Amino acid sequence: MGASPIYTPRMRRALDFDGDDVETIFKGMQLDIGAPPQFMDFRYRVTDAKHGEFELAHCGALMDVEPMGLPFVTAMCHDIEDPTFDATAAASNPRARMRPVHRPPRAPADRMPHCLWTVTIDDEADPLPFPEQALRIADSRAATIEMARGIEGDGRTDYRGPLESDLRFEAFSTWTLISLLNEIALQGHLLTLSFNDSITRRFGAAVAHDIAVKRFIGIAGVAAGRVSKTLGHDASIEDVLRFHPAFHPSSYIDVRIGGGKISLHDCPAIGDAGSGIAWADLLADGETEPFAAIVRAVDPRARCTPVEPAAGARRTWAVTMASEAADEVPAVLLTKVSTGADFEFEER
């Protein structure tokens, strides 16, 4: 609730579509980091400008929590989704509401689709207030960072026009795809700020810092493995670091790679957003394990150690090779519990 009201309007601007109808809400959901295509297989139906529905033909998040038991399913599909879905809708229209027709726990146990929701815009309804969490994140530098934009003729540059059931990202121009990837990476930073802000307010700074470090290690290592696999067997550690979403957009977080070294430079991400903890803050404080998890995901023999900062850098780490493979750390192993860690996208 703290991040989606910020990044949804950003994505609308990036792809030059606007409005406050159901179709606009669904377009925003298609471009939400919380709804990766296929893994969270949303299927949308627009009835008219004020009515529609969506179902999840496959919910990867449900596949993760269902084996853990009913309390986990209820926590995710009720306690989390009720306010989150309304906040997502309200980012496009504060008078929009999302309500379940059915949702997990599934009865029968193999019920399909996994859930079904209606979306209604009621002009007589009281507008939902802007979430308090989002007000805090709106003050962050991440919320207002400007992205480089470019226009070229090798594909689409906007998402104007009707909703597309399966949005074909390859139809967009190179510069538009770069803008999209930067915005999606920024969504990850905004979610991190919001999550860490919430943990700090509930449990205090010490607990929040400990969780933030472990979360960064787990996500960094698993994402590096996916990036490495996508780039292919010839991908180097430096290649994976350069494409890793944690270090984009470069206008927000300035991590430079070269000559077997990784350097963090001063950037807007350091010291961002009050009680939130940015990933760059952890690196600026000298945390090494997120980088170590990344290099191990590419080559288990790789090690990452802090060294004297390079010229102009806040921190620098060196990547070296050991003779033996290192064991995976618990944070990465825990993150791999998710079916998303090995999920493979299909052409369709």
Read through the list (1) in contact (Cβ under 8 Å) with a residue 12 or more places away in the chain; (2) under 23 Å from the mean Cα position of the chain (by Cα), then give the number of the only condition that residue 135 fails. (1)
Scan (1) within 26 Å of residue 179 (Cβ to Cβ); (2) assigned to a loop (DSSP other than H, G, I, E, B) for the single condition residue 89 breaks and write down its number. (2)
If we ask which residues in region 316-332 are assigned to a loop (DSSP other than H, G, I, E, B) and either among the hydroxyl-bearing types (Ser, Thr, Tyr) or closer than 19 Å to residue 280 by Cα (or both), their number turns out to be 1
(1) surrounded by 17 or more Cβ atoms within 10 Å (Cβ to Cβ); (2) of a type in the set (Phe, Trp, Tyr); (3) assigned to a helix (DSSP H, G or I) all hold for residue 42 apart from (3)
For region 4-50, give me the residue count where each residue is among the β-branched types (Val, Ile, Thr) and either under 20 Å from residue 123 (Cβ atoms) or without any contact (Cβ under 8 Å) to a residue 60 or more places away in the chain (or both). 5
Looking for whichever is modelled with pLDDT of 95 or more and loosely packed, with under 15 Cβ neighbours inside 10 Å here; the options are 48, 32. Which one fits? 48
Can you tell me which residue is surrounded by the most Cβ atoms within 10 Å (Cβ to Cβ) among those in region 6-19 that are of a type outside the set (Gly, Ala, Ser) and touching a Leu at 6+ places or on another chain (Cβ under 9 Å)? 7
What do you reckon, is residue 310 aliphatic (A, V, I, L, M), more than 19 Å from the chain's Cα centre (by Cα) and farther than 16 Å from residue 223 by Cβ? yes
The condition of being surrounded by fewer than 17 Cβ atoms within 10 Å (Cβ to Cβ) and within 25 Å of residue 145 (Cβ to Cβ) holds, among 272, 266, 254, 234, only for 266
Exactly one of 190, 186 is in contact with a Pro (Cβ under 9 Å, 6 or more places away or on another chain), within 18 Å of residue 13 (Cα to Cα) and not hydroxyl-bearing (Ser, Thr, Tyr), and that one is 186
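The values are calculated or read from the model by the stated rules, or taken from the named source; none is laboratory data. Because the structure is predicted, anything quoted here is derived from the model rather than measured. In this analysis, Cβ positions are derived from the backbone assuming ideal geometry, glycine residues included, and neighbour counts consider all displayed protein chains.
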